[in-house]
Amino acid sequence: MAVNRRSALGLMGAVPLAAGGWLKTTGTASAAVGRELRPGGEFDRFVQQQAAEDRFSGVVLLANRGRTVLSRSCGMADKERSIRNGPGTVFALGSISKVFVGVAVAQLAEAGKIAYDAKLGTYLDGFPAEVANGVTVHQMLTHSSGMGDYHQENPDYPDAQATWTSPDQVMDGTMAFIRKNGLHFTPGTGYLYSNSAFVVLGAIVAKVSGLSYYDYVRRNVFGKAGMTASNFYTRQQGLSDRRIARPYTTTSSGQREDVAAQRDFLGLPDGGAFATAPDMMRFTAALNGHRLLGRAYTELITTPKVPLGTLPPKGDKPAKTAFAGYGPDSTLVNGQRILGHNGGSQGVDTAWYTYPYSEWTTVILCNYDGQTSAPIESLLEKLILAQN
């Protein structure tokens, strides 16, 4: 299944979550947390209403100052086997996976093995000269390289990827297609959300580290963060593992159709990771606790890099200024920063955000189509911004 991921207006911020294991559920969150975000409040009721109307299926997890404020699971992970979604359900993350690419690159940059200003050709061969000698690591991370999307640029890609049955075939086969593609604009002169660039960054991580991209992230991101349920699961694992939510797309007749059997053999760096909501909280705690990167490189990847423009206010929605980051993205709104990423495709709809000034972290993982949970995300942002 060719998967298109959506860009985010966010990244991760300096949120002091519990350093080890699952977030503490004892004690209290900040006294500033209003009733509308607590269990039974306005937001919780809206989530449950959306689920009752079959407009949402998944998990919502909110934390403030490292304390759980709300954990709500709705709908079915597997309708055929009557398995409900729960805190331990594993979801495909879609483009949230790009954040792990950003961390992996930063770890190797911190070790002196990757330079952000280095050209692509410094690490990998076989690209056209304009790509090899013109595109930098910085530009690939910020979607300013001029590279595009291997799904859309290669009509033969779906047929080829359907034949791959190993991680090496998935990475090498996809890279062979990407190497054929040129640039949409001169590097550094524009913005184009690029899945291809993040696959290439994953290949650079593999080349420099001597590990497959998958093994590198398992050891150095998931492992160090204590993300015990997170992985790059194969299509067969997705079909057999009862913990993994089945992806349900909406047909033209309005029915929910399980498309797990249509997934690729294995996902790619740009969008192929899986995790639980608690694991995403553990990741945030590890990042902000400097267990993944030192303080300087943590700050490097959690700050805005390239301005993308400002959306004017509309109705009750305030103006937003968006920035691309090093994997994650950023938004400035109402004097606050919102940091994180989201993802979406057939049967995948995810959002992970932190609010460093008010110390919120929010995770929404859904196994319906991309943008399904947009009303939930919108209300949650509005309520959190109103807390201050």
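What aspartates and glutamates could a cross-link reach from Lys79, if we take a straight Cα to Cα line under 19 Å and drop same-chain neighbours fewer than 8 places away?
Glu53, Asp54, Asp241, Glu257, Asp258, Asp349, Asp369
Can you tell me what share of the DSSP beta bridges in the chain is antiparallel? A percent to the nearest 5 is fine.
Values: 53 of 55 bridges.
Roughly 95 percent of the beta bridges in the chain run antiparallel, per DSSP.
Report ³J(HN,Hα) in whole Hz for each residue of the range 95-110, in order, from the Karplus equation J = 6.51 cos²θ - 1.76 cosθ + 1.60 where θ = phi - 60°; Gly and Pro get x.
So the J values, rounded to whole Hz, are 6, 4, 4, 4, 5, 5, 4, x, 5, 4, 4, 5, 4, 6, 5, 4.
Among the aspartates and glutamates, which have Cα under 19 Å from the Cα of Lys320 when same-chain residues fewer than 8 positions away are ignored?
Within the straight-line limit of under 19 Å, Lys320 reaches these aspartates and glutamates: Asp329, Glu377, Glu381.
Which order do the peptides 275-287, 244-256, 368-380, 83-95 take when ranked by the mean count of other beta-carbon atoms within 10 Å per residue, highest first?
On the way: 275-287: 26.0, 244-256: 16.8, 368-380: 19.0, 83-95: 22.1.
Top to bottom by mean Cβ count within 10 Å: 275-287, 83-95, 368-380, 244-256.
So between Thr228 and Asp258, what do we pick up on full extension, going 0.36 nm a residue minus the alpha carbon distance?
Working: separation 30, 0.36 × 30 = 10.80 nm, distance 2.59 nm.
Fully extending the segment from Thr228 to Asp258 adds 8.2 nm.
Quick one: with all protein chains in place, what share of the accessible area of the range 290-351 is carbon or sulfur, to the nearest percent (1.4 Å probe)?
On the way: 1490 of 2570 Å².
Solvent-exposed carbon and sulfur of the range 290-351 make up 58 percent of the total.
Is there a pair in Lys98/Lys207; Lys119/Lys207; Lys119/Lys224; Lys119/Lys180; Lys180/Lys224; Lys113/Lys305 whose C-alpha atoms are over 26 Å apart, and which pairs would that be?
Details: Lys98/Lys207 18 Å; Lys119/Lys207 14 Å; Lys119/Lys224 29 Å; Lys119/Lys180 18 Å; Lys180/Lys224 36 Å; Lys113/Lys305 21 Å.
Long pairs (Cα-Cα over 26 Å): Lys119/Lys224; Lys180/Lys224.
Could you tally the net charge around Thr136, taking each other residue with its Cβ under 9 Å from the Cβ of Thr136, Lys/Arg +1 and Asp/Glu -1?
It works out to a net charge of 0.
Would you tell me the accessible area of Ser209, worked out with a 1.4 angstrom probe on the heavy atoms of the protein chains, in Å² to the nearest 10?
30 Å²
What does the accessible area per residue of the chain come to in Å², with a 1.4 Å probe and no ligands, DNA or RNA counted?
Numbers: 14830 Å² over 388 residues.
Here the per-residue accessible area is 38 Å².
So what is the relative contact order for the chain, in percent, with contacts set as C-alpha pairs under 8 Å and at least six apart?
Numbers: 895 pairs, mean separation 110.9, N = 388.
Computed over the chain, the figure is 29 percent.
Between Arg84 and Ser166, what's the calculated FRET efficiency when r is the beta-carbon distance and R0 is 35 Å? Round to 0.05.
Working: r = 33 Å, r/R0 = 0.95.
That pair, Arg84 with Ser166, gives E of 0.55.
With label points built 7 Å along Cα→Cβ from the Cα atoms of Gln48 and Asn133, find their separation and express it in nm.
6.5 nm
Whenever you get a sec, line up His151, His143 from highest to lowest accessible area (probe 1.4 Å, protein heavy atoms).
Values: His151 25, His143 0 Å².
Listed by decreasing accessible area, they come as His151, His143.
Between the range 242-273 and the range 140-208, what is the separation of their alpha carbon centroids in Å?
21 Å
Quick one: ranking Arg235, Arg337, Arg55 by accessible area, 1.4 Å probe, largest first, what do you get?
Working: Arg235 70, Arg337 45, Arg55 130 Å².
Ranking Arg235, Arg337, Arg55 by accessible area, largest first, yields Arg55, Arg235, Arg337.
Treating the angle as unsigned and between 0 and 90°, give the value, to the nearest 10°, between the Cα long axis of helix 195-209 and the longest Cα principal axis of the chain.
70 degrees
Would you list which lysines come within 19 Å of Lys314, measuring only between C-alpha atoms, while excluding same-chain residues fewer than 8 positions from it?
Partners found: Lys382.
Expected output is a single nm value to one decimal: the length gained when fully extending between Gln371 and Ala115, i.e. 0.36 nm times separation in residues minus the C-alpha distance. What is it? Don't jump to the answer; show the numbers that get you there.
On the way: separation 256, 0.36 × 256 = 92.16 nm, distance 3.53 nm.
That works out to 88.6 nm of additional length.
The values are calculated or read from the model by the stated rules, or taken from the named source; none is laboratory data. Computed from a predicted structure; not experimentally measured. Positions of Cβ are backbone-derived with ideal geometry, glycine not excepted, and every protein chain shown enters the neighbour counts. For the accessible areas, the whole protein counts, side chains as well, though only heavy atoms, and no ligand, DNA or RNA atoms are used. Shrake-Rupley method; radii C 1.70, N 1.55, O 1.52, S 1.80 Å.
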